[in-house]
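Enquirer: To start, I am sharing the structure in question, which I have written as structure tokens.
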Amino acid sequence: MGDHAMKALLVCEYRQGKLLESTYELLAFAGRLGADKIMLLIGSEAQAPKFQGKVYLADAGVFGEYNPDLHKYLVLDVAQKEKPDYIVFVHSSFGWDLAPRVAAALKAAQVSEIVGVVDGKFEVPSCNAKMRRLLAARTPQAVLTIQAGAFSYQGEARGTPQLERVELAGSTPRVDFIGYEAAEKKAVDLAKAEVIVSAGRGIGKKENVDTIAALARVFKGELGATRPVVDAGWVEHTRQVGSSGQIVAPKLYVACGISGAIQHIAGMKRSDFIVAINKDRDAPIGEVADVLVVADVIQFVHALTARLRK
Ligand SMILES: Cc1cc2nc3c(=O)[nH]c(=O)nc-3n(C[C@H](O)[C@H](O)[C@H](O)COP(=O)(O)OP(=O)(O)OC[C@H]3O[C@@H](n4cnc5c(N)ncnc54)[C@H](O)[C@@H]3O)c2cc1C
């Protein structure tokens, strides 16, 4: 990409009548890139983001809250007017679906699930987040998705946008948006728990879940889990913490045998106090933990539970 000021078109996240907070992470990301920012909201004027700049507004009442065809045309329409270097989505179910459609239409490179920016290059997780790859786009325009929770937005959400309406003439979608349907009723609402004790793959086997749950009970808290523990069927999905589970912010979060992958951190980093128990002192969870206990998790949790019961 040339020497001109870079421009990023940020596609807002809007669902069920509300602008999602993750929209502001797009602003934080563009800030890290040093790009000029413009936004596109397919939503309502009442939910326009706090932002000092131009926001293209397409009415969700007309275009639907989500319609892969129409929303693609809307993004392409604004991209045509603004010629951004980057078109950026959150790496959400919305972004996963829409970004590749836009990239294909523009014959542009796509870089997905960005967690960091290093000298203008994009850091993305690889090998199940055990490693990171550094990527740069070779096409003049690129479509990007950013991992939710990777770019925090403190202080960046202010101002009144300058709204510009987007209309579309003569595009007939091949799909209709019918509506949302709740997948399942959440049996446990982890968001209300003051203490959450979560089990990670480091607990070793299903039988050890009881040990972790016992500690949660002593704190009158709830049991949580990472995705591998849920995928293995050791703990039910409603207790999964992370970007594809629940986002929680308890007073105390105890991470038992959890490595600290970005998708898990995204779900618990706003906890007031974080204790992690891990046999590896270099586990990434240490970066967000207030206390890192380097120990065998089952031995330590047994001892701690016994002591607290006294
Ligand atoms: C699109 C997508 C969405 C995802 N969503 C989520 C999500 O919502 N939630 C989520 O959690 N993950 C999610 N993941 C998975 C995520 O990337 C990680 O794979 C996962 O969080 C790792 O879980 P873990 O920490 O339990 O396991 P591991 O990464 O395997 O870590 C196990 C840890 O236990 C430690 N350990 C091992 N034995 C012991 C012992 N005896 N005593 C103490 N410590 C020990 C190890 O040192 C290690 O740090 C998602 C991934 C993708 C691609």
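Enquirer: Which ³J(HN,Hα) values in Hz, rounded to whole numbers, follow from the phi angles of the range 291-308 under the Karplus curve 6.51 cos²θ - 1.76 cosθ + 1.60, where θ = phi - 60° and Gly and Pro get x?
Expert: Values per residue, Gly and Pro as x: 9, 10, 9, 8, 6, 6, 5, 5, 4, 5, 5, 4, 5, 5, 4, 4, 5, 5 Hz.
Enquirer: Please state the Cα pair-distance histogram of the range 45-132 with 10 angstrom bins from zero: what percent is in each bin?
Expert: Histogram of Cα-Cα distances, whole percents per bin: 13, 40, 34, 11, 1.
Enquirer: Using all C-alpha to C-alpha distances in the range 248-302, build P(r) with 10 Å bins and read off the rounded percent in each one.
Expert: Computed distribution, short to long bins: 28, 56, 15.
Enquirer: I'd like the projected area of the chain, averaged over all directions, using the convex hull of its alpha carbons. Report it in nm² with one decimal.
Expert: So the mean shadow area of the Cα hull is 17.2 nm².
Enquirer: Also, quick follow-up: Show me the trypsin sites (Lys or Arg not before Pro) within the range 18-127 that DSSP assigns to loop and that have at most 15 other Cβ atoms within 10 Å of their Cβ.
Expert: 50, 107
Enquirer: Counting only residues 5 or more places away or on other chains, whose amide H sits under 5 Å from the amide H of residue 293 once H atoms are built in the peptide plane?
Expert: Residues meeting the criterion, in which the H sits 1.01 Å from N, are 276, 277, 278.
Enquirer: Residue 87's amide H: which non-local residues (gap 5+, or another chain) put their own amide H closer than 5 Å, with H modeled 1.01 Å from N in plane and none for Pro or chain starts?
Expert: 9, 142, 143, 144
Enquirer: Given Cα pairs under 8 Å that are at least 6 residues apart, what percent is the relative contact order of the range 175-230?
Expert: The normalised contact order for the range 175-230 reaches 40 percent.
Enquirer: Then there's this: Calculate the radius of gyration of the Cα atoms of the range 129-265 to one decimal place, then report Dmax, the largest Cα-Cα distance, as a whole number, both in Å.
Expert: Cα-based Rg and Dmax for the range 129-265 come out at 20.5, 62 Å.
Enquirer: Now, a different point. Please list, in order, the residues from the range 27-55 whose amide nitrogen is less than 20 Å from a point placed 7 Å along the Cα→Cβ vector of residue 119.
Expert: Zone members listed by number: 32-35.
Enquirer: For the modelled label position 7 Å from the Cα of residue 279 along Cα-to-Cβ, which residues of the range 189-204 have backbone nitrogen atoms closer than 11 Å?
Expert: Zone members listed by number: 202-204.
Enquirer: List every residue whose amide H lies under 5 Å from the amide H of residue 132, counting only residues 5 or more places away in sequence or on a different chain, with H placed 1.01 Å from N in the peptide plane.
Expert: Under 5 Å from the amide H of residue 132 lie the amide H atoms of 126, each far enough along the sequence or on another chain.
Enquirer: Show me, for the range 77-84, the HN-Hα J-couplings you get by feeding each phi into the Karplus relation (A = 6.51, B = -1.76, C = 1.60, θ = phi - 60°), rounded to Hz, glycine and proline as x.
Expert: Taking θ as phi minus 60°, the curve returns 4, 5, 4, 4, 6, 9, 6, x Hz for the range 77-84.
Enquirer: Give, as a single signed number, the net charge of other residues whose beta carbon lies under 15 Å from the beta carbon of residue 297, with Lys and Arg counted +1 and Asp and Glu -1. Walk me through the numbers on the way to the answer.
Expert: Working: positive: 201, 205, 206, 279, 281; negative: 207, 210, 280, 296.
That sum, taken over residues with Cβ under 15 Å, equals +1.
Enquirer: DSSP loop GluC sites (Glu not before Pro) in the range 108-185 with at most 10 other Cβ atoms within 10 Å of their Cβ, which ones?
Expert: On the way: sites: 113, 123, 156, 164, 167, 181, 184; in loops: 156, 167, 181, 184.
Here the sparse-neighbourhood loop sites are 167, 181, 184.
Enquirer: What is the helix-to-structure angle for 93-106, meaning the angle in degrees between its Cα long axis and the longest Cα principal axis of the chain, kept from 0 to 90 and rounded to the nearest 10?
Expert: Helix 93-106 and the main axis of the chain meet at about 40 degrees.
Enquirer: Could you tell me the center-to-center distance, by alpha carbons, between the range 254-310 and the range 59-101 in angstrom?
Expert: 39
Enquirer: Among the lysines, which fall within straight-line cross-link reach of residue 121, defined as a Cα-Cα distance under 24 Å, with same-chain neighbours fewer than 8 residues apart omitted?
Expert: In chain and number order, the partners are 7, 37, 83, 107, 130.
Enquirer: Report ³J(HN,Hα) in whole Hz for each residue of the range 265-279, in order, from the Karplus equation J = 6.51 cos²θ - 1.76 cosθ + 1.60 where θ = phi - 60°; Gly and Pro get x.
Expert: Values per residue, Gly and Pro as x: 4, 4, x, 9, 5, 8, 4, 5, 9, 10, 10, 10, 10, 8, 7 Hz.
Enquirer: At a threshold of 8 angstrom on Cα-Cα distance, excluding pairs fewer than six apart, so keeping six or more, what relative contact order does the chain reach in percent?
Expert: The normalised contact order for the chain reaches 14 percent.
Throughout, read-outs are computed from the coordinates displayed, never taken from laboratory work. Remember, it's a predicted structure, so these values are computed and weren't measured experimentally. Cβ coordinates were reconstructed from backbone atoms using ideal geometry, including for glycine residues, and neighbour counts include every protein chain displayed.
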